[in-house]
Structures are given as C-alpha cells and as structure tokens.
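Trainee: Structure below; questions to follow.
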Amino acid sequence: MLEEIAIENLGVIRSARVPVGAGLTVITGETGAGKTMVLTGLGLLMGGKADPATVRPGAASAVVEGRVRVADRPAVAQRVDDAGGQVDDDGSVVILRTVAAEGRSRAHLGGRSVPQGVLAEIADDLVTVHGQSDQLRLRTASRQRTALDAFAGPQHAELLGQYREAWAERSALQAQIDDIETRAGERAREAELLRLGLAEVERVAPQPGEDVELTALVARLGNVEELRVAAQLAHDAVAGDEAAEPQENAVVSVDRARRALESVAGTDPALARLAERLAEVGYVLADVATEISGYVEDLAADPAGLESAHARLAELGTLTRSYGDTVDDVLAWASDAGLRLLDLDDGGERLQAATARRDELDAELDRLGTAITASRERAAAELAAAVTDELRGLAMGGASLVVDVERAEEPGPWGVDAVTFSLVAHAGAPARPLGKGASGGELSRVMLAIEVALATAAVDGTGQVLPTFVFDEVDAGVGGKAAVEVGRRLASLARRTQVVVVTHLAQVAAFADVQLVVTKASGEGDPSTAVTVTGVREVTGEERVRELARMLSGQEDSDAARRHAVELLESSVVGR
C-alpha cells in the first residue's frame, strides 16, 4: 500500500507531499493544475521511463520519494533484500527516484542504489495503473485473454503453468530436432574430418612429452663432439691425471686440505669440524667425477640415431601443425575429438529420442489445452455475467459483455484459444469487439466493471493481496447518474484494496475516503515569465464541500452548488 509521495521540481510542482490513505483516494483540481504530474511521479517510482523535459524549468533535477508498505508482500520484501535495500521496522520501504535536467536518472530502493529495472520488477506486485493508454491495451486480444485468465482462478493458473512448461520443453526439443535434421550434412562432414584426424594421430601414436624428449636427444647427438670436450675438461678438473697436473685436480686438492686439517684437529675442535666438511666435499667430487666419466664413455656419435630422431620429430610435426602446438596438445585434441565424434555419431539416436519425447509433449499439450479451454469457457460465462451486472450499476443497463473463447489460428505458450471481449451496447444491438464498438466513456466503464469483477474474484477466491489500483480519469465521458455509479464502484473496489483516482467529477470524488486537491498559482516576478507553482493538500470538512461545489458548477461559493455538494457527500455515505 502506498503511504505517501513527496515530489520536488517535477513539472509545475515545486514541492508537494501527497498523503495516500487506505481505501479510496481521489485527486482533484482545475484543468492544467498538475494532477497528472502526481501520477507521473508515481510512474517514476514504479520504474517508468525518465523524461528530462519533466524537470521543472530552472531546477537541476526532479526528485520523487515514496513510502510503500510491503509487510503483507513477502515477495517484494525479499526483492528489496536481494537488491541490498532495507525494509523499515514498520514494514515499509522508501523508494527514491532522481531525474537530472541533463538526462541522467537514479533510483534507490530501501536506501540502496539500484537499476531502474528493479523498480519495474516490483511494480507489478505493488501498483496497477489504468489510463487512456491502458484502455487501448484492453482492446487487444492478448490483454483480454490475460484478464480472463486472471479471473479464472488459481486452478486455471496452475494448468497454464503446466502448459507453459510443456510448451517451453517442446519448443526446445523442436529446435534440437531442426538442428539435427538441417545440419545432417554438415555434421557428417565434421565427423569425417574428425575420423581422418584421429586416424592420423593413431598411426603416428605420439607419446606424452615425446617431442620434448626428442628435441633434447637431437640437441645432444647433433653436438656430440662439443659435449665430449666439455665433459672431459670437467672430469680432468675434478679428478684428472694426478701425476700430470695435480694442481688442477680438485679431488686431490680437497683431500690434501682435509689431511692438513685432520693433522691438527686434536688441537682445535673448529678445525676438526671443517675437516669433516672437506671430507664430505671430497665424497661429492668423487661421485661427480665418476658420473662425468660414465657420461664420456657413453657419449658416442650415433648418426643413425640422430637421423631417426629427426625423422620422428618431422612425423610429430605433421600432427602439431594441425592439432596443437605440442604433442600433449595433440593428445588433448584427440581426446576431445573422440567425444565429439561420439556425439555426432549419436545424432540418429538423439533424433529418435527427441522425436519420441516431442510426441509425448504434443499429447500432454493437447490434454492441457483442452482442459484450459474448458476452464476458460466456464470463466468466460462467469466474467461476462459479473461485468454485465456491474455495467447495469454504471448506467449501462441495456449493455452486456460477451466473452468468446475460440480456437486460435496458431497455438502458443498461452494455449490454443483466442479470447475476444465484445460489447452489446444496448438491447438488440449486435455484439461488437471492444476495439471497434466501444466509445471512450463506454470503455472506461467496461474497464472499471472488469477490474471490480477481477478484484472480487481474486479476494473471494484466494484471499490474495491486491495491488494498488490507480485510475487516471477513468470517468472520462461519463456524467450524471453514471458518474455516481462509477464512484460507487470505485468505493466498492476500495473496500478490497487501495484505490487512487484522478477525477474531474464531484460525483466520483464524493465517495473518497481521502480527497487531495491540486492547486496552481503563478510564481513570483513578472507574470509573463513567472513559472506556475502547484501544491497538493488534503481537504476535509468545509474545504471539501467548497472543492466539490467548484467541481459541480465552477463556483465554490454558490449556495446551490454547496447544497448539492453536501447532498453528494451524504448520499455517498448511504450508498456505500
């Protein structure tokens, strides 16, 4: 439920606080005073598109702030929490929207900055707005079908949910079937290329890391003489001919140093420890010398081995040029290619399985579609009767609503039905589609009758919490007794949920629980250049009588108009 809206620098409104009460709240005021700007502000709070042109001239930005009670709407409260916002202790949440004159727009939910789309997400659960454009949408088949489905109740909604799930699965399967069938040649070519590649890999039979090992072997065999000289020099330096060049023999030198220290080790323990370390060095040098000697003995020129290694590397190169930078990459490709080939070869089996499942879903959709049609036909008769009854109370006693459920040209996720709302304008008149046979005033009353019927069904059938209904001049083209009945129906709807109405009819405003008046005045300065200032205030008592009198005759001080206003207020109390 909306609790209040604060507006700054939006259109003609410099600053206004709009308290919105429970039940029926009406917004009245002279033409051009800025009544619609209040709804524009509400639209911004509900994630509507921001228009920089609505920023008040001379202001840097427009700001709209609203407080909405969400204690009875756990889904909305959870969405606020998901967005990082916070619901206040009293179960309300603050929504803020800022529109800069240069075009930027910012949104805040529960104290946290959020994308505009988040506000739009929660709007459907919070507010339903009806204006002239919404009446036009009511003329479309899809909106009429949606209205009928909403009236049909929770069991119907469950059937629709099952149908949509089956339809979505069936659509995905059909896309898969189409892909398999249309790409059969392409898949066959891909499979053949994979088989050729796998056959080549199998013929070469590379081993993990083989290219790295062969590269090292080629480097060794191709530089055998250089390796021999370097190894021999190293061996001689470590453990060469002692008689020839003892000073260059590291083993002899270290051993000599060790013996020198051991000869005096008994005198100083520190030298004893150093002698032990020299002994360890001697052991290591001896091991290194042995290994170098073995390397030199094993190092032999092998032209045949070198040629073989080069040939093997060339063979592996044919693979790495096509399937990966290294042999390991080639092996990884082969593994993936094998799995892909299995998938491609399995196309026939998958096609058969997908086709069988599609046939099962077709049968399921046929069953559900038949049940949905029967449910819609029952609901159509009930909705037509309920709306027709409401129309009698809206001074359209000879009118009736006809709801037809027929087979659609093509089924869709909504089922197999086309729903058409038609209006019989008076007794004996032909039924004509709302889009062709209803005037603006008639359509306003039909829409109101449908909303009352839907709200009654929703509350009586499920006890669900309804959104706030906002009507922008739903009484356009209505007057006299019909206007009184419009007010009565709005008051009836307001007993089930919060209703906000922008109206120019005193007969409607008299039924309000809260009446807000939008007033305008010229700003300070030169009248030719001053900007109009609009304010919003709640009227009660004598002030309300004056406002109703103004709406009735344009003369709030007229005694006759005031008596009529008092009579309207008194009769509205009785009429509830």
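Trainee: Pull up the cross-link candidates among the lysines for Lys35, meaning alpha carbon to alpha carbon under 20 Å and not fewer than 8 places away within one chain.
Mentor: Lys49, Lys520
Trainee: Right, another one. Given the peptides 203-209, 2-8, 479-485, 541-547, arrange them by the average over their residues of other C-beta atoms within 10 Å, most packed first.
Mentor: 2-8, 479-485, 541-547, 203-209
Trainee: In whole percent, how big is the carbon plus sulfur part of the accessible area of segment 1-69, probe 1.4 Å, protein atoms only?
Mentor: That fraction is 52 percent.
Trainee: Which FRET efficiency value, to the nearest 0.05, is calculated for Glu213 and Ser263 with the Förster distance at 51 angstrom and r the Cβ-Cβ distance?
Mentor: With a Förster radius of 51 Å, E is 0.50.
Trainee: Hey, can you grab everything whose amide H is under 5 Å from the amide H of Ala418? Only 5+ residues off in sequence or another chain; H modelled, so Pro and N-termini drop out.
Mentor: Placed amide hydrogens put Glu406, Arg407, Ala408 under 5 Å from Ala418.
Trainee: Under a Cβ-Cβ cut-off of 12 Å, what is the net charge of the residues other than Gly393 that fall near it, where Lys and Arg count +1 and Asp and Glu count -1?
Mentor: With Lys, Arg at +1 and Asp, Glu at -1, the net is +2.
Trainee: Any chance you could run the full-extension gain for Ala356 through Asp81? It's 0.36 nm times the residue separation minus the Cα-Cα distance, nm to one decimal.
Mentor: Extra length available between Ala356 and Asp81 comes to 94.6 nm.
Trainee: Further, regarding this structure: Could you give me the radius of gyration and the Dmax of segment 74-168, taking only the C-alpha atoms into account and expressing both in angstrom?
Mentor: Using the Cα atoms of segment 74-168, the pair Rg, Dmax is 17.5, 50 Å.
The values are calculated or read from the model by the stated rules, or taken from the named source; none is laboratory data. Note that the structure is predicted; figures quoted are calculated from it, not measured. Quick reminder, even Gly has a Cβ in these numbers, built from the backbone with ideal geometry, and neighbours come from all protein chains shown. Ligands, DNA and RNA are excluded from the accessible area calculation, which covers all protein heavy atoms including side chains. Shrake-Rupley method; radii C 1.70, N 1.55, O 1.52, S 1.80 Å.
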